[in-house]
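The structure appears right after this line, and notes come after that.
The values are calculated or read from the model by the stated rules, or taken from the named source; none is laboratory data. Computed from a predicted structure; not experimentally measured. Heads up, the Cβs are rebuilt from the backbone with ideal geometry, glycines too, and the neighbour counts pull from every protein chain shown. Ligands, DNA and RNA are stripped out before the accessible areas are found, and what is left, the full protein with its side chains, is counted by its heavy atoms. Shrake-Rupley method; radii C 1.70, N 1.55, O 1.52, S 1.80 Å.
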Amino acid sequence: FDARILRANRLHEQLGVNVIMPVLPAHGPRGHMPKTRTRFPSDDHVANVHGLTQAVWDVRRTIAWVREQDPTAIGLFGFSLGGCLGSLVACTESDLDAVVMGCPAADIVELVRVNTRPTLRAQPRLARMFAEASAAARPVTAVELTPQLPPERIALISAHADRLADPVFQVGRLWHHFGKPELVGIDSGHVSFFLQSGWVDTVNRLFAERGVTVDH
């Protein structure tokens, strides 16, 4: 299902590249174990820190394996949580040719806080919890880390009507943090992003302009 949603075949056929889709922790066949409540992402901030840490490790191990295959170029595309993960990888890997982030979350703790009912998040107990969670999540928050890739290797895609990965406070923060790389706006919301007919062509173009094609 994810391969269809992400148009993996089109990316492969149009760019002529190999496509690998790592499964994130607590997703798909790696879903939460029976009789446990741990989910990722969730409002359990410890689980989110662990999940992002494991996800970065998994993707970096995958990239290390790809390098052993003598590739001509390596690019990374992620959407939503995958975009957040892409931002973290861009702060830990220095020789990727392209990282394209679609509707990425810049700060998971802030995303949860903003989407909590105002009457709840104003309570002193929750305010303290969010402050402590922000401190704990700094190692897995891209805007707290140093980018390892130059702006020309990075691209961002933002949905104008995104109510989750807000174009200003989420995507916009990453755009400034990574040195104002190319930013593409799409007229959609977060969930309806994949209903737009041209988003795959946009990703293909962003990769091709950064050398991630069979002709590189």
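Out of region 142-171, which residues are in contact (Cβ under 8 Å) with a residue 24 or more places away in the chain and more than 15 Å from Leu88 (Cα to Cα)?
So the first thing to find is which residues in region 142-171 are in contact (Cβ under 8 Å) with a residue 24 or more places away in the chain, and the list is 142-143, 145-166, 169-171.
The answer is Glu152, Ile157, Ser158, Ala159, His160, Ala161, Asp162, Arg163, Leu164, Ala165, Asp166, Phe169.
Give the residues of region 144-193 that are under 22 Å from Ile5 (Cβ atoms) and aromatic (Phe, Trp, Tyr), sorted by residue number.
Phe193, the sole residue that qualifies.
A quick yes/no check of all residues on (1) under 18 Å from Asp201 (Cβ atoms); (2) at pLDDT below 90; (3) not in a loop (DSSP other than H, G, I, E, B):
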{"position": "Arg10", "(1), (2), (3)": "yes, yes, yes"}
{"position": "Val17", "(1), (2), (3)": "yes, no, no"}
{"position": "Pro22", "(1), (2), (3)": "no, no, no"}
{"position": "Ala26", "(1), (2), (3)": "no, yes, no"}
{"position": "Thr38", "(1), (2), (3)": "no, yes, no"}
{"position": "Asp43", "(1), (2), (3)": "no, yes, no"}
{"position": "Asn48", "(1), (2), (3)": "no, no, yes"}
{"position": "Leu52", "(1), (2), (3)": "no, no, yes"}
{"position": "Ala55", "(1), (2), (3)": "no, no, yes"}
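In region 196-207, which residues are open to solvent by less than 50 Å² (accessible area, probe 1.4 Å) and part of a helix (DSSP H, G or I)? Walk me through how you get there before you give the answer.
Within region 196-207, the first condition is being open to solvent by less than 50 Å² (accessible area, probe 1.4 Å), and the residues that meet it are 198-200, 202-204, 206-207.
If the condition is that a residue be open to solvent by less than 50 Å² (accessible area, probe 1.4 Å) and part of a helix (DSSP H, G or I), then Trp199, Val200, Thr202, Val203, Asn204, Leu206, Phe207 are the ones that fit.
Quick one: is Thr92 at pLDDT 95 or above and among the hydroxyl-bearing types (Ser, Thr, Tyr)?
Yes, satisfied.
State which residue pairs qualify: first residue closer than 9 Å to Leu15 by Cβ and inside region 197-216, second residue open to solvent by 30 Å² or more (accessible area, probe 1.4 Å) and of a type in the set (Gly, Ala, Ser) in any location, beta carbons under 7 Å apart, and separation of 6 or more residues or different chains.
Phe207/Gly75; Val212/Gly75; Thr213/Gly16; Val214/Gly16
For Asp97, which of the numbered conditions (1) in contact with a strand residue (DSSP E or B) (Cβ under 7 Å, 6 or more places away or on another chain); (2) among the acidic types (Asp, Glu); (3) modelled with pLDDT under 95 fails to hold?
Of everything listed in (1) in contact with a strand residue (DSSP E or B) (Cβ under 7 Å, 6 or more places away or on another chain); (2) among the acidic types (Asp, Glu); (3) modelled with pLDDT under 95, Asp97 misses just condition (3).
If you go through region 130-139 one residue at a time, do you hit one that is basic (Lys, Arg) and either in contact with a Lys or Arg (Cβ under 6 Å, 6 or more places away or on another chain) or more than 21 Å from Ser42 (Cα to Cα) (or both)?
Pass one, region 130-139, residues basic (Lys, Arg): 138.
Next, from what is left, pick out any that are either in contact with a Lys or Arg (Cβ under 6 Å, 6 or more places away or on another chain) or more than 21 Å from Ser42 (Cα to Cα) (or both): none.
Taking every residue of region 130-139 in turn, none turns out to be basic (Lys, Arg) and either in contact with a Lys or Arg (Cβ under 6 Å, 6 or more places away or on another chain) or more than 21 Å from Ser42 (Cα to Cα) (or both).
Being open to solvent by 30 Å² or more (accessible area, probe 1.4 Å), in a loop (DSSP other than H, G, I, E, B) and modelled with pLDDT of 95 or more: is that true of Thr62 here? First the steps, then the outcome.
On the way: open to solvent by 30 Å² or more (accessible area, probe 1.4 Å): yes; in a loop (DSSP other than H, G, I, E, B): no; modelled with pLDDT of 95 or more: yes.
So Thr62 fails the test.
For region 67-78, enumerate the residues that are closer than 22 Å to Thr53 by Cβ, part of a strand (DSSP E or B) and out of contact with any Pro (no Cβ under 9 Å at 6 or more places or on another chain).
Within region 67-78, Leu76, Phe77 qualify.
Restricting to region 39-53, name every residue that is under 22 Å from Pro147 (Cβ atoms) and open to solvent by 20 Å² or more (accessible area, probe 1.4 Å).
Answer for region 39-53, where residues must be under 22 Å from Pro147 (Cβ atoms) and open to solvent by 20 Å² or more (accessible area, probe 1.4 Å): Val49, Thr53.
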